[in-house]
1. Set the Förster radius R0 to 22 Å, insert the Cβ-Cβ distance between Asn439 and Thr531 as r into 1/(1 + (r/R0)^6), and round the FRET efficiency to 0.05.
2. For segment 151-211, with only Lys/Arg (+1) and Asp/Glu (-1) charged at the beta-carbon, what is the dipole magnitude about the Cα centre, in debye rounded to 20?
3. Per-residue counts of other Cβ atoms within 10 Å, averaged by peptide: what ranking do you get for 310-323, 181-194, highest first?
4. Per the Kirkwood formula on distinct C-alpha pairs, the Rh of segment 435-540 is how many angstrom?
5. Show that you can apply the helix-only estimate: for the chain, add -39,500 (n - 2.57) for every DSSP H stretch of four or more residues, divide by all residues, and state [θ] at 222 nm to the nearest 500.
6. Could you give the size of the charge dipole of segment 134-292 about its Cα centre, using +1 on the Cβ of each K and R and -1 on the Cβ of each D and E, expressed in debye and rounded to the nearest 20?
7. As a quick test, which of the pairs Lys45/Lys109; Lys315/Lys482; Lys45/Lys481; Lys52/Lys76; Lys66/Lys463; Lys172/Lys300 have an alpha carbon distance above 23 angstrom in this structure?
8. Between Lys66 and Asn238, what is the label-to-label distance in nm when each label sits 7 Å out along the Cα-to-Cβ direction?
Amino acid sequence: MIFKIIFFIILIFLNICIVKSELHAIETNGTVIIGTKLYTVFEKKPYAAFWKIPYADPPLGGLRFKPPRIGPWFGKPYYNYSTPYNNTCAYGYTEDCLYLNVFTPTTEKLVYFPVIVGIHEYSDTHGPDFLIDENVAVVTVSFRTSIFGFLNTGDTFAEGNMGAKDILAALKWIRDNISYFNGDINRVTVFGSGINTNIVASLLLSANSEDLFNRVIIQDGSALSPADYRSYNFEISNKLYWNLHGPFEKFNRTNFYELLRESSIKQLLLASRGLFDSTEVRDNQRLIHSFGPTVETSGKAAFMNKFPLQVYKRKITNNAVEVMIGYTNLNSLYKLEGFVRNKKLLKYLNYNFQYLLPFGGRRDEYGSKLYRKIRRNIMDFYFVNGTVGERSLRRYAKYVSDQVIYPALRQARLHARVSCNNVYLYRFTSRGPFNVVWNTLLANLNWSGATEGDQICYQFRCKSLNRAYEAAAPTERLLIKKIARLLANFAKHGNPTPDPTDDILENLQWTPLVPHKRMRALTFGKTIKMTNVPEEKRMTFWDQLRKDFFPDGKINDEF
């Protein structure tokens, strides 16, 4: 009786303070948890939103560059999570970012909903509406990125993968607490998109992520990107020290660590930008992520202590989970904005074509006989008569996009071979009003297709497009509904199309990959249908190039 009186007083107080919001309260373990009641954009379905729930201690002061420290959550009479949380971590405004948001449908009866955990550096710009309409709870996670999340100094000062360990900490919080929000701990799907998709793809290979989720969705990324997973790289520390300290004759590790501890957020972000110039990328023959996942030496506490291909070779993956892997067909077109504006620039690539490889291996001296031979192979395959011209933009876009698509297809193929469960593949090629990246950067390019990030506003409500959703044509609403139904079915059943009589999906059947067979994917284009993967021809080219010129990297015969 006393608790109910306290509960009533809290609600009155909060209603006075938050007049414009309709509150929603959960009572559990002697604690009142306050959220906000909202309604979805299309079906006006009610759901509760709980913002900025801490899942670990703020990584400030002595915890900078350290793994997340998990503390107790319960302990107060009530918690107020009714104020929207603007995640500023990805923008570099704060290090205090170990929070998550919970969105769950509201019902009269006690129902436990499957949970989709969204991992995206700008998750605060996305709403859960379409999945809520499908009776799926959504959690979005904020975590450390860039230098704060992935600095690796090769010792205990910064062991690397702090941002990935943040995500593991959030998944542990979800495992322990999501049932209080009517989430089903036995149906947790991790959904990765954006520049940190490689972390979610790596959950399939990390021993410390076992038993924290049941399903994974990997969108436009892979754990097999050669831009990530180097061992400790002294060159990065050397460059950072130069930027923070100024010119020096001898690297001083003690002074370097002091600078890392005492520098402001702004100073560290400025010092960590553009560490590798175009010449270094050219000489590496691969894209370079200065602050991405790395191989650690810290043993049991490591997020990743072996290279991803070694994990696949040894077949020690998290192979009991269902997996969905997807990509956009012109993934990296958005990077070619300059060529889109002036296609005449393309012809200069004939004289200065600096190739990139979508797999790891040795580096060849730029301009050497072997370098020129590999370059000729690539140009002959991708371009008519091996020549780049003003009409070669789409071919060049495919080549650049394969730096992402090839590793994604390679991981899909490898995981299908070792997994005890299904791997589903999809291609997003649809062009419409919610292709947010294309319509922002490539609006004057009248092509069909999609580039990286274009599918996100069909899966989650993008807050910048609220008016567009209100004015959406019936065909666009139906496409969004179909995508939400497929994602929800996967979260609920591990199968995107379990019911052949589904009124939304009709007779659509999404079949999983079959090991050692031709790759097939669900293609989201003018229609949604199963197709052979057209990019597989390009994948075969890269496989052959890898065998011919980088034989030490062969793993095809290991499965």
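Values in this text are rule-based calculations from the coordinates and carry no lab data. In this text, all values refer to a predicted model and were calculated from it rather than measured experimentally. Cβ placement follows ideal geometry from the backbone for every residue including glycine, while neighbour counts extend to all protein chains displayed.
1. Result of the calculation: an efficiency of 0.35.
2. The calculated dipole for segment 151-211 is roughly 160 debye.
3. Top to bottom by mean Cβ count within 10 Å: 181-194, 310-323.
4. The Cα-based Kirkwood calculation yields 15.7 Å.
5. About -10000 deg cm²/dmol.
6. The calculation lands at about 140 debye.
7. Lys315/Lys482; Lys66/Lys463
8. So the label points at Lys66 and Asn238 sit 3.1 nm apart.
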